[in-house]
Amino acid sequence: MSAKEKKKIKKNPEESTSTDIPVEGTSGTEMELRTTVDRLQRLQAEFENYKKRAQRESAVFADRIEDRVILDFLPLYDNLQRAFHAMSSNHDMDTFVAGIEQIFAQFQQVLEAKDVRPIDAIDQIFNPEWHEAMLSVPSDAAKNTVIEEFMPGYLRNERVLRPSKVSVSQGPQSKEDSE
Amino acid sequence: MKEKIIGIDLGTTNSCAAVLEGGSPEIITNAEGERITPSVVAFSESGERLVGRLAKRQAITNPQNTIASIKREMGTDHRVKITLDGKTSDYSPEQISAMVLQKLKADAEAHLGGKVTKAVITVPAYFNDSQRQATKDAGAIAGLEVTRIINEPTAAALAYGLDKDHEQTILVYDLGGGTFDVSILEIGDGVFDVLATDGDTRLGGDDFDQRVIDWLAEEFRKDTGIDLSQDASAMQRLKDAAESAKKELSSRMETTINLPYITADASGPKHMEMKLSRAKFEAMIDDLLQRTINVVDATLRESGKDSTTIDQVVLVGGSTRIPKVQELISSRIPGKINREINPDEVVAAGAAIQGGVLAGEVDEIVLLDVTPLTLSIETLGGIATPLIERNTTIPTEKSKTFTTAEDNQPAVQVHVVQGERKMASDNKSLGTFQLAGIPPAPRGIPQIDVTFNIDADGILHVTAKDKATSKSASITIQDSSRLDDSEIERMRKEAEAHADEDKEKAELIEVRNQADQLIYAAEKALSDLGEKVDSAKRSDVEDHVRQLRDKLSQDAGLDELKAAMENLSKVSQEIAQQAYQETQQASGQGEDATTASSTDDAASEDDGEYIDAEYDEQA
């Protein structure tokens, strides 16, 4: 009933547009042109308003996604708090470490569930798609091999989430290598 | 469809491309999903050419064959020598730049789903003819016809639409990652004239990061005696942390740099935890910022302008997000500061607009106006209920259904207001009219459609129509969008300043309206149910009605009102339930009872399509 009617009005805004009331002294073609221009302008305005709305909505959407990600990680935070709380009354280091290990495993589970995988780096051939070179040093390893990982990198759904930050071998130090 | 002309900001450290879509510039995301592309080119050992992020990531392993900041060499006879497999090739700066442009072109083609052959490219205002020609040649090598080379500051001004304003003088302050430029432009009749330009080619955001890194390392050394500068891994972490601390301090007064296990010595692992306040950060970079201000002063002198004759300032470059930068500029120049557009993207956006003009796209699309302020009608309690939000592109039409506030209300008064304040009386009144002849009906029953229709010229037609009788009344307001900028600005500022207080006021009125509705519904239920309600319950309800009414007349606060409402709604629900059970037992119909119990819901449903706001009777 009323809701339906209103939707109809919203979808066909030109239906109730008062500009298509004929103005005295205008010919049919002129009238038609005027209506068409008005319709075009309204369509364009609607598109621009749609874009603005889509932008607003995507910002809200992004915010909601962030909420969900945070929710997945909050249990880890809670458990860390529990660990510290327990530590304050029971100073047994082994129990504490066992708890932390469990929280770590839980962390890995969350990452796995999100399809986050570590990037192989050490002993791999340096590949700028996955690795970011921080240092290039002479070493016994073959030239262009990753010899140290400063910060691990991660893939998600085969996309690089963060490249691993690495040190790359220049090969053994001798003046006339290569060539 | 006409071919798009893309806009390219070919920068020293980063580049960015944009295109006009539906009349407004859109930044083109590259294949890596980023909106800016490092201006870095590399030739890997396998002979593969890398451009952008990937080239940057491998720069340290391949310094001889990685080229960054080639823009500094444009227009010179500098040659880049690349040795691969013992074979050395020479590349001109144009050729290297062309490789960056080729990537931007390919990413734009992927984005647009078609060929891109034309571009507008920006250059610094200080570029001479040969540097400009070199940039053009780079485009040609990349397969792009450069339809125009425009100055970066001009592009930034175009992005803000400053060419459309009256004749004025603009200062563009561009503080990027590694370079700093100031330009003073004069605009008249859409023509830009560069009066003066100056800069510092080795000053930017990277220097600010370095100051934070040095401070962190020094504090850590003082604390622990450990020198982190020899530890590449630790330094990398410091660098990342410094950059994010800098960014954070643009929106917060203090940040904590937390780097557990930053290093270790014989005594075990060491952690870094350091607080950095905005004030401290500002002090660290004070001399650098002062240098930029000196350049501003020098440029002003050279242009023969006085700081008071600058009408507008445009901020470009990521480092202009630093509040202190904005503060220093506004203390120096009284003109309006434009900083709404992402400062990393504003030049590309302006280039895209120029591209759209050259492609004829801008002429083709009639530029449509927007409503500068929200258009609303006054509803029960003096609240301004918006029909068309500000910044809506016109022509447009919006409708909402309203109802009456009193039983047998014969007419509604439609008061049209403009502005962002919550209360109608705080906004600008545009006009008022009456829709009379509403057939007698209980309040809340009549449905009155109110339609706002603004045509392309900003003329607003407001129509109110009673759905039952199809009777309608209307008004035409000529100057709904013809406010001058200062008035709009004033009204917006006022709304911002009063936002909290207005919100409270509006909330109180809404709750008062709901309370009124609740009393009405409870009394109606009592009279409809008649003897189905036992006398104890009846007097209980009547008691609570009286209490709520007293609260209303005593102008009680939000909490008191809500408490009284809750009590009343509890007892009304009880009688509804009781009556419902009785009618069920008697297998009668329980319509009235459901109405009574659902009123609370109806009253609080204030953001649906069918809004519950009502007209005050003013007939």
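The values are calculated or read from the model by the stated rules, or taken from the named source; none is laboratory data. Predicted, not measured: the structure shown is a model, and the values here were computed from it. Note that each Cβ is placed from the backbone with ideal geometry, even for glycine, and that neighbours are counted across all protein chains shown. With ligands, DNA and RNA removed, areas are computed over all heavy atoms of the protein, side chains included. Shrake-Rupley method; radii C 1.70, N 1.55, O 1.52, S 1.80 Å.
Data table
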item: Some residue of the range B:275-289 being assigned to a strand (DSSP E or B) and either open to solvent by less than 20 Å² (accessible area, probe 1.4 Å) or closer than 23 Å to residue B:161 by Cα (or both); result: yes
item: Qualifying residue in the range A:109-119 (condition: in a strand (DSSP E or B) and closer than 30 Å to residue B:229 by Cβ); result: yes
item: Candidates B:420, B:406 - the one that is of a type in the set (D, E, K, R), more than 14 Å from chain A (Cβ to nearest Cβ), surrounded by 14 or more Cβ atoms within 10 Å (Cβ to Cβ) and out of contact with any helix residue (DSSP H, G or I) (no Cβ under 8 Å at 6 or more places or on another chain); result: B:406
item: Members of the range B:147-174 found to be closer than 19 Å to residue B:325 by Cα and open to solvent by 20 Å² or more (accessible area, probe 1.4 Å), listed by number; result: B:174
item: Residue list for the range B:362-387, restricted to those being in contact (Cβ under 8 Å) with a residue 12 or more places away in the chain and more than 25 Å from the chain's Cα centre (by Cα); result: B:364, B:377, B:378, B:379, B:380, B:381, B:382, B:383
item: Which listed residue is in contact with an Asp or Glu (Cβ under 9 Å, 6 or more places away or on another chain) and surrounded by fewer than 22 Cβ atoms within 10 Å (Cβ to Cβ), from B:21, B:34, B:45; result: B:45
item: Meets criteria (within 14 Å of chain A (Cβ to nearest Cβ), at pLDDT 90 or above and within 23 Å of residue B:505 (Cα to Cα)) for residue B:451; result: no
item: Residue in the range B:59-94 that is modelled with the lowest pLDDT, counting only those that are of a type in the set (Asp, Glu) and over 38 Å from the mean Cα position of the chain (by Cα); result: B:85
item: Tally of residues being loosely packed, with under 14 Cβ neighbours inside 10 Å and under 18 Å from residue B:257 (Cα atoms) across the range B:177-228; result: 5
item: Residue within the range B:333-353 that is within 30 Å of residue B:183 (Cα to Cα), within 14 Å of another protein chain (Cβ to nearest Cβ) and surrounded by 20 or more Cβ atoms within 10 Å (Cβ to Cβ) present; result: no
item: Qualifying positions in the range B:307-349 - under 16 Å from the mean Cα position of the chain (by Cα) and among the basic types (Lys, Arg); result: B:321, B:339
item: Selection status of residue B:488, at negative phi, of a type outside the set (Phe, Trp, Tyr) and crowded, with 19+ Cβ neighbours inside 10 Å; result: no
item: Strands (runs of 3 or more DSSP E) enclosed by the range B:291-392 - at least 3 residues per element that are more than 30 Å from residue B:451 (Cα to Cα); result: B:312-316, B:336-338
item: Residue check for residue A:19: surrounded by fewer than 15 Cβ atoms within 10 Å (Cβ to Cβ) and either at pLDDT 85 or above or assigned to a helix (DSSP H, G or I) (or both); result: no
item: Selection status of residue B:6, within 17 Å of residue A:133 (Cβ to Cβ), open to solvent by less than 60 Å² (accessible area, probe 1.4 Å) and either in a strand (DSSP E or B) or in contact (Cβ under 8 Å) with a residue 12 or more places away in the chain (or both); result: no
